[in-house]
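Here the structure is laid out as C-alpha cells; the discussion comes afterwards.
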C-alpha cells in the first residue's frame, strides 16, 4: 500500500497548452536569430552522469524518505559562437531522471523507485570567463518518453519487486532552467557541471503538492 500512496501523491496542475506552444516557438526563434549572426559553429556529442530528485515527495508517506536516483544523459549539441567570449549552445539529449524512496517498519524495508525518461532540449547561453572556462545558463523543454514505478519489499532474505507503468499520470512536457560551468580543451574534449531546476509540475492531479524534476549532471563531451 505504501508504494501506491507514494506514487499517487505525485500529481499536479496542468500547464496550459498555449503556454507550451509560446515557449517552444520562442526557443526556435531565438536559436534562429543567433544562428544568423554566428561567427562559427562547432558540433559535438556528450554523455553525462545524472543525480536526480523530485521535489515534494517526502509528504507522500511520513516514514518514506526520498533519495537521489542515479541516471544518465547522452546526445548532441551545436555551439554557435557570437564573439570570442559569448556563444549559444542548443542541445538534444536523452535523459533519465526520477527519485528513490526508502522506509523501514516492523522488520520490513521498502524501496520505491520512480524512473522517468525524457528528450531534453536545453538552449544554453555560455560566457567564457577565461580561455576554455565558461559559465552557462538557459531554459530547457523536455518531452516525456516513459515513466515507471518500481517497488521492492524485503524481509530478511526474502524480497518481492513490482513494476508499474505510470506514464499516464505524468505531464508529457516539462520545463526547467539550467545553470552551470564548463571547461573546453584545445583538442575539443570538454567537461561540464550543470544543475537543472524544474519549473513545471510534472505529475497530473497532485492536489497541494508540486513535484518538479531537479538534476545535477556531470558531463564529458567532444567537439568536432
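The values are calculated or read from the model by the stated rules, or taken from the named source; none is laboratory data. Only a predicted model underlies this, so the values are computations on that prediction, with no experimental measurement involved. Methodologically, a virtual Cβ is constructed for each residue, glycine included, from the backbone with ideal geometry; neighbour enumeration extends over all protein chains shown.
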Revision key, fill the gap. By residue number, the members of the range 148-171 that are surrounded by 13 or more Cβ atoms within 10 Å (Cβ to Cβ) and free of Cβ contacts under 8 Å to residues at least 40 places away in the same chain are 148, 150, 167
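For (1) assigned to a strand (DSSP E or B); (2) over 17 Å from the mean Cα position of the chain (by Cα); (3) closer than 16 Å to residue 126 by Cβ, each residue gets a yes or a no:
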residue: 183; (1), (2), (3): yes, yes, yes
residue: 190; (1), (2), (3): yes, yes, yes
residue: 211; (1), (2), (3): no, no, no
residue: 215; (1), (2), (3): yes, no, no
**Study point:** Test result for residue 127, more than 18 Å from the chain's Cα centre (by Cα) and either touching a residue at least 24 places away in the same chain (Cβ under 8 Å) or in a strand (DSSP E or B) (or both)
**Key:** yes
Check your understanding: How about the range 166-176: which of its residues are out of contact with any helix residue (DSSP H, G or I) (no Cβ under 7 Å at 6 or more places or on another chain) and assigned to a loop (DSSP other than H, G, I, E, B)?
Key -> 171, 172
Review point. Residue check: is residue 222 part of a strand (DSSP E or B) and either closer than 19 Å to residue 66 by Cβ or without any contact (Cβ under 8 Å) to a residue 24 or more places away in the chain (or both)?
Key: no
Revision key, fill the gap. Over the range 134-181, the set of residues under 21 Å from residue 47 (Cβ atoms) and more than 18 Å from the chain's Cα centre (by Cα) is 134
Review point. In the range 46-76, which residue that is buried (at least 18 other Cβ atoms within 10 Å of the Cβ), over 16 Å from the mean Cα position of the chain (by Cα) and not in a loop (DSSP other than H, G, I, E, B) is modelled with the highest pLDDT?
Key: 66
Practice item. Test each condition in (1) loosely packed, with under 13 Cβ neighbours inside 10 Å; (2) assigned to a strand (DSSP E or B); (3) modelled with pLDDT of 95 or more for residue 179 and report the one that comes out false. Key: (1)
Exercise for review: Identify all residues within the range 192-209 that are part of a loop (DSSP other than H, G, I, E, B), out of contact with any strand residue (DSSP E or B) (no Cβ under 6 Å at 6 or more places or on another chain) and in contact (Cβ under 8 Å) with a residue 40 or more places away in the chain; write none if there are none.
Suggested key: 205, 207, 209
Practice item. Please tell me if residue 99 is assigned to a strand (DSSP E or B), modelled with pLDDT under 95, within 14 Å of residue 215 (Cβ to Cβ) and in contact with a strand residue (DSSP E or B) (Cβ under 7 Å, 6 or more places away or on another chain). Key: yes
**Study point:** Index of the failed condition, residue 115 passing every other in (1) farther than 24 Å from residue 43 by Cβ; (2) buried (at least 16 other Cβ atoms within 10 Å of the Cβ); (3) touching a helix residue (DSSP H, G or I) at 6+ places or on another chain (Cβ under 9 Å)
**Key:** (3)
**Study point:** Hits in the range 182-205 - residues which are surrounded by fewer than 18 Cβ atoms within 10 Å (Cβ to Cβ) and under 14 Å from residue 53 (Cα atoms)
**Key:** 195, 197, 199
Review point. Which of the residues that make up the range 206-217 are over 15 Å from residue 91 (Cα atoms) and either surrounded by 14 or more Cβ atoms within 10 Å (Cβ to Cβ) or in contact with a helix residue (DSSP H, G or I) (Cβ under 8 Å, 6 or more places away or on another chain) (or both)?
Key: 206, 209, 210, 211, 212, 213, 214, 215, 216
